[in-house]
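Visitor: Supplied in structure tokens, the structure appears directly below.
The values are calculated or read from the model by the stated rules, or taken from the named source; none is laboratory data. Everything quoted here is computed from the prediction, not taken from an experiment. Positions of Cβ are generated from backbone atoms using ideal geometry, with glycine treated the same way; all protein chains shown enter the neighbour counts.
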């Protein structure tokens, strides 16, 4: 039931080093696409001052909840089922985090993410998105180009997304880019702030 991802172990500390100062003083985080559940418990354990709400599609929840149950942390409620193109929680969150999701999703689902984020993120809250991105329509590395080819073989609707397209989408939903962090293995963390109610 508990799934394991080697990449989660490899990227958890670099990600934490970026998001920890951003989440200082934040009380609630929604994680979109919690996957195995490893990030959820690792970040929640390191950020004990806040509540870390994991979420994902129904098929992934058994693993996420198995990690949560085993960790026995007081700040990790049971994971929520979330279809990004469907209904979102009624709760408003102070910050939202997602890792390695938008290149797996269809573009319709990516649209759903930004629309949903705009609805459940409080004003001045942060949306932090980790993963590989293209810039000016170009891959940032040969490994990302190869990865994109592999993604297309798995699912034609999956693709490394263009930063410019994501940022334009963010602007449409009242989100302003405030940081773009370079990360190991040709990844980035994009950080938007909700500056306009939507």
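Visitor: Can you spot a residue in region 48-59 that is in a helix (DSSP H, G or I), touching a strand residue (DSSP E or B) at 6+ places or on another chain (Cβ under 9 Å), modelled with pLDDT of 95 or more and surrounded by fewer than 21 Cβ atoms within 10 Å (Cβ to Cβ)?
Guide: Yes: region 48-59 contains one or more residues that are in a helix (DSSP H, G or I), touching a strand residue (DSSP E or B) at 6+ places or on another chain (Cβ under 9 Å), modelled with pLDDT of 95 or more and surrounded by fewer than 21 Cβ atoms within 10 Å (Cβ to Cβ).
Visitor: Can I ask one more? Take the conditions closer than 26 Å to residue 59 by Cβ and out of contact with any strand residue (DSSP E or B) (no Cβ under 9 Å at 6 or more places or on another chain) and apply them to residue 98. Does it pass?
Guide: In short, no.
Visitor: Residue by residue through region 68-100, note down the ones that are over 18 Å from the mean Cα position of the chain (by Cα) and either surrounded by 13 or more Cβ atoms within 10 Å (Cβ to Cβ) or without any contact (Cβ under 8 Å) to a residue 40 or more places away in the chain (or both).
Guide: Selection gives 69, 71, 72, 73, 74, 75, 90.
Residue-by-condition table, conditions (1) over 23 Å from residue 19 (Cβ atoms); (2) touching a residue at least 24 places away in the same chain (Cβ under 8 Å); (3) touching a strand residue (DSSP E or B) at 6+ places or on another chain (Cβ under 6 Å):
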position: 118; (1), (2), (3): no, yes, no
position: 126; (1), (2), (3): no, yes, yes
position: 130; (1), (2), (3): no, yes, yes
position: 134; (1), (2), (3): no, yes, yes
position: 157; (1), (2), (3): yes, yes, no
position: 164; (1), (2), (3): yes, yes, no
position: 188; (1), (2), (3): no, yes, yes
position: 195; (1), (2), (3): no, yes, yes
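Visitor: Of the residues that make up region 97-111, is at least one modelled with pLDDT of 95 or more, farther than 28 Å from residue 149 by Cβ and in a loop (DSSP other than H, G, I, E, B)?
Guide: no
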